[in-house]
1. Sort out for me the helices (runs of 4 or more DSSP H) sitting completely within the stretch C:178-258 that have 3 or more residues that are within 25 Å of B:Leu55 (Cβ to Cβ) and within 14 Å of chain B (Cβ to nearest Cβ).
2. Hey, could you check the stretch A:125-151 for residues that are of a type in the set (Val, Ile, Thr) and more than 9 Å from every other protein chain (Cβ to nearest Cβ) and say which is surrounded by the most Cβ atoms within 10 Å (Cβ to Cβ)?
3. Does C:Leu292 meet the test of being closer than 24 Å to C:Leu183 by Cα, surrounded by fewer than 24 Cβ atoms within 10 Å (Cβ to Cβ) and among the hydrophobic types (A, V, I, L, M, F, W, C)?
4. Inside the stretch B:272-285, can you point out the residues that are more than 8 Å from chain A (Cβ to nearest Cβ) and more than 23 Å from the chain's Cα centre (by Cα)?
5. Regarding C:Leu37, is this residue within 14 Å of chain A (Cβ to nearest Cβ), surrounded by 12 or more Cβ atoms within 10 Å (Cβ to Cβ) and at pLDDT 75 or above?
6. Mind listing whichever residues of the stretch B:161-177 are part of a helix (DSSP H, G or I) and either under 19 Å from the mean Cα position of the chain (by Cα) or under 12 Å from B:Leu144 (Cα atoms) (or both)?
7. Return only the number of the condition from (1) at pLDDT 75 or above; (2) over 30 Å from C:Leu155 (Cβ atoms); (3) away from chain A (no Cβ under 12 Å) that C:Asn312 does not satisfy.
8. Run B:Ala75 past the list (1) under 28 Å from B:Leu221 (Cα atoms); (2) within 14 Å of chain C (Cβ to nearest Cβ) and report the number of the one that doesn't hold.
Amino acid sequence: MTLVQPNPAIIEEEPPVSLWRDAWHRLRRNKLAIFGLGVVVLLAFVAISGPYLTPYDFLSQDLAARNQAPSLAHLFGTDDLGRDVFSRVVYGTRTAFLVAVVVTAIALVIGTTLGAIAGFFGEPYDRIIMWLTDMAMSVPNLLLVVVINASLKNPIARWMEAQYMATLNPFYRETIWIDFFLVFGSMALISWPPYARLVRAQVLSIRTRPYITAAMALGLSNRIIMMRYVVPNALGPLIVSVSAGLGTAMVLESAFSFLGVGVNPPTPSWGNMISDGLRVWQHYPHLLAAPAFVLGLASVAFSFLGDGLNDALNPRGTK
Amino acid sequence: MTARNAQERLLDVKGLTVEIDGRRGPAVIVDGIDLHVGKGETLGVVGESGCGKSLTMLSLMRLLPNKIKVTKGTAEFDGRDLHKMSTRELRKVRGGDIGFVFQDPMTSLNPVMRIGDQLCEPLIYHRKMAKADARKRAVELLRLVGIPGPEERLEAYPHELSGGMRQRVMIAIGLACDPKLLIADEPTTALDVTIQAQIVDLVKDLRNKLGMSVVWITHDLALIAGLADRVVVLYAGTVVEDAPVDDLYANPSHPYTRGLLASIPTLSDAPTARLSSIGGTPPEPGRRPAGCPFAPRCPLAMDICRREVPKLEPISSGGSHRAACFAVNKALKAA
Amino acid sequence: MLRYVATRFAIWIPSVLLVMLAVYALAFYGAGDPIKLIFLRAPGDVAYNPQRIEAIRESAGLNRPFIEQFAWYVWNLVQGKFGNSLSSGRSVWALVSAAAPVSFQLALCSVILTAVVAIPLGMLAALNQNTRIDYTILGSALFLWAIPAYVAGPLLMVALIVLLPGVKVPYGWGGIFDVRILLPLVVLSFQPIALIVRQTRAAVIEVLSEDFVRTARAKGVPEIMVALRHILRPVLTPVITQLGLIMITIVNGAIFVELVFGLPGLGRLTVQALINSDYPVILAITLIGSFLVMISNLLVDILYPLLDPRANDAKRSR
């Protein structure tokens with residue numbers, strides 16, 4: 001049998017569709033995910049450019065205009081001190097994004113590092129790290145974090161005060177840093193285990209997959225194997241859980257504020273606005289509704305986006 | 001082996017077209033296939049992976065995956081169109097009149113259900129048997145397919161059996177309700193060579209005993225030589241040749257069939273002889289060439305092959321041997 | 001089996017000790033002097049009597065080094081002595097055993113409600129994948145997942161009052177057969193339900209693409225029986241493994257729900273203890289919480305081989 005030259009007109013390839021382009025294609029068809037993406041982008045824009053958008057300062061009080069219902073002058077009304085709720089919600093967006101991004105970043109770094117060590121180096125690191133992870137995931141985490149926050153707040157404040165007295169450095173007077181430091185630290189403490197588990201599982205499963213063996217058999221360098229095979233395959237699930245994690249961090253921060261251990265007033269956060277609103281919701285429902293709605297919207301948006309990304313990046317599950 | 005009652009058709013498929021709803025729009029996978037199975041006849045369906053042979057059979061039972069749909073054609077079974085049946089009627093056919101044996105017995109059996117329960121299901125739903133009766137029949141069936149210690153096996157889970165034993169269980173499930181037709185979709189691909197032969201012998205034996213029709217799908221022409229009465233060769237979703245089995249081996253007509261037969265190594269080959277192969281690859285669905293789908297790989301390709309699609313035409317006097325090839329027909333007319 | 005349970009306990013004990021140590025250290029170094037905490041609140045001039053305070057400190061062993069005190073605390077725990085609450089002076093055991101039944105009943109009801117509601121909904125969504133039904137169920141689940149209990153609770157209360165003007169505000173506790181449990185139960189179950197709906201949906205979609213489902217259909221098994229006999233069983237396995245996670249969600253959620261709806265359970269006790277820096281109570285609750293989660297995980301491990309015969313085999317051969 002003679003070999004036949006293939007007809008060039010038929011073999012001519014369309015440009016190959018990359019993993020990411022393909023994922024974007026799938027994501028675009030998912031209406032909920034696109035809605036989520038839109039809201040997230042909008043909120044991120046508000047968070048970054050917030051101060052230029054608000055008609056009032058979030059602290060400026062107008063005692064003549066207290067507890068006003070929403071109007072054109074005050075889109076979300078005013079609170080019990082006559083502060084513009086819209087401006088406070090906008091600044092709250094800033095706080096929420098700051099907390100969410102920083103906490104997720106810290107958790108991601110800790111989780112990825114530990115997970116990768118456990119996956120790559122195996123025993124005994126694997127056992128120790130997994131024990132830590134299991135432990136962190138098997139205690140009621142909210143309780144633990146609230147305890148940490150509640151107990152460390154005063155000692156750190158005292159220490160800062162002492163430092164100020166000793167050095168007169170005005171930095172130590174900025175008590176707002178205590179809040180952020182504690183909130184970031186304690187939230188990251190309970191947020192890293194899922195990332196560690198995920199990364200370890202990914203490393204373990206990718207390492208033994210036939211295509212890695214095949215790539216090694218082809219004599220590809222470790223760097224190329226990492227960049228072209230391991231990273232793209234591990235990145236998908238990680239992106240999905242980061243998207244979900246950002247939303248969770250926002251809700252968690254508001255939960256802290258609700259219990260009185262989060263970011264302290266007067267720094268506006270959705271959580272402490274909600275807990276303030278809860279006390280008077282029978283009379284001034286807008287004080288609860290505005291921050292609760294925005295928090296819900298943000299959280300739902302991240303949740304939709306994460307779910308859409310999950311479907312888009314794991315095409316196997318969507319057939 | 002000769003065709004018995006080949007005139008009386010049990011299954012008659014006409015112009016069956018199956019399309020997949022792909023990312024770049026719909027693409028044809030099965031392109032207007034005609035095939036038929038006589039009562040008591042064994043039909044071998046041969047083709048490379050991806051030629052649409054499994055999808056053709058799945059489409060008969062309306063078991064196609066979500067994005068794949070039948071767009072044209074009819075499939076009459078015992079005088080009724082399978083594609084137009086109500087789901088209720090269809091359910092009676094599935095597992096009742098038509099038994100199905102799938103390719104991979106590992107994944108095709110439910111891993112968390114005992115063999116006995118899986119085997120009793122068709123009996124309970126089609127024969128309305130009581131559980132105890134169904135179990136008695138299940139033991140008979142397991143004995144029929146040659147499983148030792150059938151009573152204990154009923155309590156086993158699939159992972160506790162070997163691959164060959166699992167495939168025997170699959171066959172027992174397919175045979176449970178004395179079907180008129182058994183469709184076996186590459187039932188030996190996942191098995192060792194020695195076990196393959198056992199399974200082929202088993203099906204041959206059962207067919208002779210029970211007198212049913214069999215459709216055996218495979219990519220292995222050699223495997224069905226001793227099993228089938230008639231063979232249909234598929235290429236890229238079209239029938240390229242349809243012939244009684246002896247005729248096909250003695251006198252392969254379509255260049256693709258010849259290529260397939262030439263690529264089977266034989267003991268008489270010189271030890272240094274190179275194994276013959278067909279150059280190129282089959283077209284992807286949705287990128288089928290105009291004209292004959294095999295033309296780009298065909299050694300006999302002519303101009304007309306790239307313009308027009310050849311029809312399946314008789315090339316023997318009896319009309320039982322048919323091929324879809326311009327070159328073959330031209331040679332016949334010239335002769 | 002018994003040996004297995006014992007092993008699990010043995011693994012659990014060091015982790016819970018570590019957590020307790022952390023909380024104890026926070027209390028020791030963070031919250032300050034427990035005696036002062038008590039007496040600052042005490043009436044009269046006791047608070048200003050340093051000698052008296054020192055004497056009490058001496059007798060309670062609170063002047064000893066940290067690690068010694070922690071060991072002493074653990075030793076008392078082993079003997080079943082949880083100590084006394086700093087704020088009320090009542091025994092922690094009495095406080096906890098009064099509050100725990102409320103929370104446990106609520107949690108149990110919530111687990112049952114979750115299983116009954118979420119698994120069918122998840123299956124329904126998956127069986128109608130990418131249809132309106134699927135989008136509605138999945139969208140609602142994502143929505144419920146994102147709404148914190150302290151937002152959903154008050155809003156539902158408002159809605160109830162507006163819709164049924166005659167109804168008394170559902171506040172307080174009257175046992176699980178009292179109508180008042182409905183609202184907190186629903187709110188508490190929102191997140192677990194959302195979690196299980198998504199889990200079930202994903203698991204069903206995965207199972208639907210399995211060959212054995214095709215086999216069942218090829219056998220002529222009716223669709224409803226395919227769903228119940230062939231799809232549900234393998235789906236339950238991954239869903240059941242989420243029980244530990246559900247327990248954490250419920251324990252976390254209970255803190256808010258009990259606060260919002262005025263239920264006298266462990267959640268409310270926690271918040272009160274936090275406000276009062278009542279560490280003996282917090283330590284006891286931490287212990288109970290992680291015990292609950294541990295038991296759930298243990299239950300999963302025991303149930304798993306019953307649901308998946310392959311797991312059973314793997315364990316035996318190990």
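1. Hits in the stretch C:178-258: C:182-208, C:211-218.
2. Out of the qualifying residues, it is A:Val145.
3. Details: closer than 24 Å to C:Leu183 by Cα: yes; surrounded by fewer than 24 Cβ atoms within 10 Å (Cβ to Cβ): yes; among the hydrophobic types (A, V, I, L, M, F, W, C): yes.
When the stated conditions are applied, C:Leu292 passes them.
4. Listed by number, the residues that qualify are B:Thr272, B:Ala273, B:Arg274, B:Leu275.
5. Judged against the criteria, C:Leu37 is not a match.
6. B:Gln167, B:Arg168, B:Val169, B:Met170, B:Ile171, B:Ala172, B:Ile173, B:Gly174, B:Leu175
7. Failed condition: (1).
8. In the conditions (1) under 28 Å from B:Leu221 (Cα atoms); (2) within 14 Å of chain C (Cβ to nearest Cβ), B:Ala75 misses (2) alone.
The values are calculated or read from the model by the stated rules, or taken from the named source; none is laboratory data. All of these numbers come straight from a predicted model, not from anything done at the bench. Don't worry about glycine lacking a Cβ; one is built from the backbone with ideal geometry, like all the others, and counts go over all protein chains shown.
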